[in-house]
Structures are given as C-alpha cells and as structure tokens.
Amino acid sequence: MTPMTDPHHREKADLVEHRGCQSRLSQSSLEWIAFVARPKQRPTLVMAPDRDAVIAKTYECVDRQLASDKTPE
C-alpha cells in the first residue's frame, strides 16, 4: 500500500523538539521515521516500530550527540 492509499498514513509530519534540536516524525507503511536536525549538522535518520519508540530513540540520539560535543579531543 502506498502512502496515498493507506488510510492510516498521516498527511502531516509531527515536529518534536528536544534540547534545542528538532525532529520531524512521519509514519511509513510499517514503521515510524524521524529526521533529527541539529544546527550546522547533517540530519540523522531514526527508525522504530511505533511513535513512542521513535521519540525515545530521537531523544537518546540527541543526548548522545550533545554529550559527544562536550567530550574533549
């Protein structure tokens, strides 16, 4: 089933913000996808089976990225 014919497909993506980073959530036919955007960084793709799981994974991703920014080289 394509997104256009899937009755469960959401037309509009959800936006979630965590610690200054925006994530755009959308549902594909089998799972949820999030694009995590940080300033001056390429977006990161996160996938999970449901909306709550993809939000949790996005928060973990942002937290890890911010923690690695603070680690001295």
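No lab work stands behind these numbers, since they all come straight from the coordinates. This structure is a prediction, so every number in the text was calculated from the model and none was measured. Positions of Cβ are backbone-derived with ideal geometry, glycine not excepted, and every protein chain shown enters the neighbour counts.
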Three-way shape label, region 24-65, alpha-carbon gyration tensor, a/c 1.5 | oblate
List every residue whose amide H lies under 5 Å from the amide H of GLN22, counting only residues 5 or more places away in sequence or on a different chain, with H placed 1.01 Å from N in the peptide plane.
-> ALA37
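Using the per-residue mean of other Cβ atoms lying within 10 Å as a proxy for protection, in what order, highest first, do the peptides 54-63, 17-26, 34-43 fall?
54-63, 17-26, 34-43
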